[in-house]
1. Find how many whole Å separate the alpha carbon centroid of the stretch 237-278 from the alpha carbon centroid of the stretch 19-67.
2. Taking all protein chains in place and a 1.4 Å probe, what share, in percent, of the accessible surface of the stretch 86-195 do carbon and sulfur account for?
3. Tell me which trypsin sites (Lys or Arg not before Pro) from the stretch 176-270 have a DSSP coil assignment and no more than 16 other beta carbons within 10 Å of their own.
4. Which length gain, in nm to one decimal place, applies between ASP165 and ASP280 when the Cα-Cα distance is subtracted from 0.36 nm times their residue separation?
5. So for each of 409-419, 391-401, 60-70, 331-341 I average, over its residues, the number of other beta carbons within 10 Å; can you give me the resulting order with the highest mean first?
6. Just flag the GluC sites (Glu not before Pro) in the stretch 193-266 sitting in loop per DSSP whose Cβ has no more than 15 other Cβ atoms within 10 Å.
7. Provide the FRET efficiency to the nearest 0.05 for the SER452-VAL179 pair, computing r from the beta carbons and using R0 = 51 Å.
8. If you add up the charges near SER67, with Lys and Arg at +1 and Asp and Glu at -1, over every other residue whose beta carbon is less than 13 angstrom from its beta carbon, what do you get?
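The values are calculated or read from the model by the stated rules, or taken from the named source; none is laboratory data. All of these numbers come straight from a predicted model, not from anything done at the bench. Here the Cβ is made from the backbone with ideal geometry for all residues, glycine too, and neighbour counts use every protein chain on show. Heads up: the accessible areas ignore ligands, DNA and RNA and are worked out on the full protein's heavy atoms, side chains in. Shrake-Rupley method; radii C 1.70, N 1.55, O 1.52, S 1.80 Å.
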Amino acid sequence: MAQEDVFKKLVAHCKEYGYVFPSSEIYDGLSAVYDYGQYGVELKNNIKKYWWDSMVLLNDNIVGLDSAIFMHPTIWKASGHVDAFNDPLIDNKDSKKRYRADVLIEDHIAKIEDKISKEVEKARGRFGDAFDEKKFRETNPRVLANQVKVDELNTRYSKALNATDLAELKQIIIDNEIVCPISGTRNWTDVRQFNLMFSTEVGSTSEGTNKIYLRPETAQGIFVNFLNVLKTGRMKIPFGIAQIGKAFRNEIVARQFIFRMREFEQMEMQFFVQPGTELDWFAKWKETRMKWHQALGFGSENYRFHDHTKLAHYANAATDIEYKFPFGFKEVEGIHSRTDYDLKQHQQYSGKKMQYFDPEKGESYIPYDIETSIGVDRMFLQVLSAAYMEEELKKEDGSSDTRVVLRLPSFLAPVKLAVMPLIKKDGLPEIAEKIVHDLKFDFNCQYDDKDSIGRRYRRQDAIGTPYCITIDHQTLEDQSVTIRYRDSMEQERVGIGQLKDIIKEKVSIQSLLKKL
Ligand code: GAP
């Protein structure tokens, strides 16, 4: 099945099974805003716990913070967001639709790359095992011509973007005959800068009002609390401050479901270090964060670093951790060596000394900062993209059936176990209810007695429940039940008394954290 179709199915699955709903759906929805349903909220909380524990629990020099969404407006002037947190926008005069100029160009480049891939795949089919992809790419005239186009376009585009040359961005669109996907015309306006921050006002009219912003990142809440945490936590460098919270961006091109939203959640950690040691720490955090992703067991080949060649003016190293989504390798997390830029800016704008006295060096300095920043929603989509499978099952009579299963790591699964009486009589439901009652203090359990046992298993597979416990007539005789494993679909007979220990071992976050 084409990857685009898999993704469409995943989006539909999220809605059908209570993971993610479009926001305000009964009013026809609100673009790029989503709500998390009964299973979605559990998965989201489990992802956040995995991140939080890996930061705050495992590192005695990292502490947490929960800063407010509203902050003093000067913070956003100091951070550079008021002046420079912009996207280049262009409007099509016929469709009246607005686009990000950079996205139009990137999509155009992707289309040419797609042509190359199709050419390669066609040749692979033709030549079979004898196919030498490298040689084909180096010699096929159509592939070569398209590759030249891609390389030239990339160079011209990066130059224009880095120089914020808006006229050149428009010229690239014109020269490459890029059309509006709605009207199909090339009737474009000039490219303009558009600030991504949402604003609102505080204060009553009699006192006058103040324009404030909804934070576009959680990071600034950490920087402006640097001194508070330093003093009250008696922190010694190197140390980190971790925070999970909502962020808001008026994204113009919001697409790919929860990949790019207007209201989303971030998990950010700022790690303050001695100047001059930052690149070592950057390398260390790169490795640590990649390990965190790969410990989930979705296959290391599906992750890669994308090191930035062009750096923001405040950074001296930056990389993205990318995951192979159904729509290609895309950023899940950013790791940046932000130098002393943010603390220095806040020192200048607030007039407060944002410094650390280093007892070993006997001097004060503004620490350098390594940032790890990951979107909760994007991580959620990454986990579901990796876990969603449609499997063909061979039946005993030779026919086949399909099942949709979410192969979620047990710790992340919203429901850990479903308890099912085989039939709704002979005292079996009462035993099942008692098991749920006894285990609900330890695990998220579900009681299910509707439909055939096969349909109940499928239902639990679809929401990713790793264990199903079935109560049958043998239970009445020897207090044993079957435990059915989601991934292998194998079943095992165990005593009711053993259930808690068996499941505890399998779903605990500890085994995941110990891999880090
Ligand atoms: N403090 C640094 C910062 O905010 P960023 O690359 O803009 O850096 C970090 O964002 C992470 O936040 C991204 O890697 C992504 O996971 C997530 N993110 C950013 N914009 C998002 C959006 N509009 N919707 C969902 N997640 C987003």
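1. Between the Cα centres of the stretch 19-67 and the stretch 237-278 lies a distance of 13 Å.
2. 50 percent
3. Numbers: sites: ARG186, ARG192, LYS211, LYS231, ARG234, LYS236, LYS246, ARG249, ARG255, ARG260, ARG262; in loops: ARG186, ARG234, LYS236, ARG249, ARG255, ARG260, ARG262.
Filter output for the stretch 176-270: ARG186, ARG234, LYS236, ARG255.
4. Here the segment from ASP165 to ASP280 would lengthen by 37.9 nm.
5. Values: 409-419: 23.2, 391-401: 8.5, 60-70: 14.0, 331-341: 21.2.
For the peptides 409-419, 391-401, 60-70, 331-341, the packing ranking is 409-419, 331-341, 60-70, 391-401.
6. Values: sites: GLU201, GLU207, GLU217, GLU251, GLU263, GLU265; in loops: GLU207, GLU217, GLU251.
Those satisfying the criteria are GLU207.
7. Values: r = 53 Å, r/R0 = 1.04.
The value I calculate is 0.45.
8. Working: positive: ARG215, LYS246; negative: ASP66, GLU217, GLU268.
Net of charged neighbours comes to -1.
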